[in-house]
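Worksheet for the structure shown next.
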Amino acid sequence: MEPKFEVTMDEYLPLRDVVFKTLRQAILRGELKPGERLMEIKLANKLGVSRTPIREAIRKLELEGLVLMVPRKGAEVADITEKSLNDVLEVRKALEELAVQLACERMSKEAFEELKQAAERFKEILDNDDVTKIAEADVAFHDIICQATENQKLIQLVNNFREQMYRYRVEYLKKKECYPQLLEEHQAIIRAIEQGNKEVASQLMGEHIENQVTAVTSSLRDSQSGT
């Protein structure tokens with residue numbers, strides 16, 4: 001079946017960025033499947049652009065881990081494997097545990113109010129059928145915690161790593177049965193930050209990430225077994 005995605009022009013973005021965003025969304029939403037070859041000419045014709053922005057987009061997607069360059073075959077959508085999942089989320093867990101510990105000490109009252117509002121916006125958007133919008137709301141929640149650390153090196157590390165984490169966040173958020181637990185985890189983290197309890201906040205954040213690993217790993221095993 002032919003993928004239904006199409007390019008949506010944005011007057012504020014260069015064409016190469018529009019093409020990149022379009023292909024990235026198509027991969028994250030599953031419109032381009034793992035293992036599917038990315039043919040430059042075919043994609044250029046489909047999106048009504050030249051091959052140059054397609055080539056540039058594929059290069060950026062490879063850096064994010066969403067595309068794999070295969071010798072003698074070319075580019076294809078990367079599989080989600082347990083190894084890549086664990087590699088990415090081990091790093092995310094360490095970064096976010098450190099971030100929440102520092103946030104317990106350094107978060108301002110204004111930022112704390114923003115965090116509560118972000119948690120509420122996340123709750124409100126859960127009925128949205130577009131899982132990438134839900135993922136963006138989740139990113140916004142975690143970003144407030146990260147920014148509150150006032151540690152520019154940590155913020156830079158998280159920002160540089162965010163795109164690689166994004167795919168697994170989307171896969172997790174496709175599992176609607178996880179939403180009630182996810183909402184409670186956000187609230188528990190907020191309470192720990194309000195109390196300035198670094199140990200509890202770090203433990204809660206670690207469990208928050210571990211639950212994501214468990215859920216996505218279960219999905220991967222189910223898909224591999226055909227269930």
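The values are calculated or read from the model by the stated rules, or taken from the named source; none is laboratory data. Since the model is a prediction, treat every value here as computed from it, not as a measurement. Here the Cβ positions follow ideal geometry from the backbone for every residue, glycine too, while neighbour counts run over all protein chains shown. Ligands, DNA and RNA are excluded from the accessible area calculation, which covers all protein heavy atoms including side chains. Shrake-Rupley method; radii C 1.70, N 1.55, O 1.52, S 1.80 Å.
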Tell me, yes or no, whether the stretch 62-77 has at least one residue that is in a helix (DSSP H, G or I), touching a helix residue (DSSP H, G or I) at 6+ places or on another chain (Cβ under 6 Å) and either at pLDDT 95 or above or of a type in the set (A, V, I, L, M, F, W, C) (or both).
no
All conditions in (1) on the phi > 0 side of the Ramachandran plot; (2) surrounded by fewer than 16 Cβ atoms within 10 Å (Cβ to Cβ); (3) in contact (Cβ under 8 Å) with a residue 40 or more places away in the chain are true of residue 65 except (2)
Single match in 191, 162, 221, 169 (criterion: modelled with pLDDT of 85 or more, closer than 25 Å to residue 66 by Cα and out of contact with any Phe, Trp or Tyr (no Cβ under 8 Å at 6 or more places or on another chain)):
169
Restricting attention to the stretch 176-189, and to residues there that are open to solvent by 10 Å² or more (accessible area, probe 1.4 Å) and of a type in the set (A, V, I, L, M), which single residue is nearest to residue 99 (Cα to Cα)?
188
Is there any pair linking a residue in the stretch 33-46 that is over 12 Å from residue 23 (Cα atoms) to one that is in a loop (DSSP other than H, G, I, E, B) and open to solvent by less than 70 Å² (accessible area, probe 1.4 Å), with Cβ under 9 Å and at least six apart or on different chains, and which?
34/78; 34/80; 35/78; 36/3
Go through the residues of the stretch 53-60 one by one and say whether even a single one is modelled with pLDDT of 90 or more, part of a helix (DSSP H, G or I) and within 15 Å of the chain's Cα centre (by Cα).
no
Failed condition for residue 30, given (1) under 27 Å from residue 158 (Cα atoms); (2) open to solvent by 50 Å² or more (accessible area, probe 1.4 Å); (3) free of Cβ contacts under 8 Å to residues at least 24 places away in the same chain; (4) not in a helix (DSSP H, G or I), with all others met?
(2)
Out of (1) of a type in the set (Asp, Glu); (2) surrounded by fewer than 17 Cβ atoms within 10 Å (Cβ to Cβ); (3) in contact (Cβ under 8 Å) with a residue 12 or more places away in the chain, the one residue 17 does not meet is (3)
Pairs, first more than 16 Å from residue 79 (Cβ to Cβ) and open to solvent by less than 80 Å² (accessible area, probe 1.4 Å) in the stretch 209-227, second outside any helix (DSSP H, G or I) and at pLDDT 80 or above, C-beta under 6 Å, six or more apart:
215/175
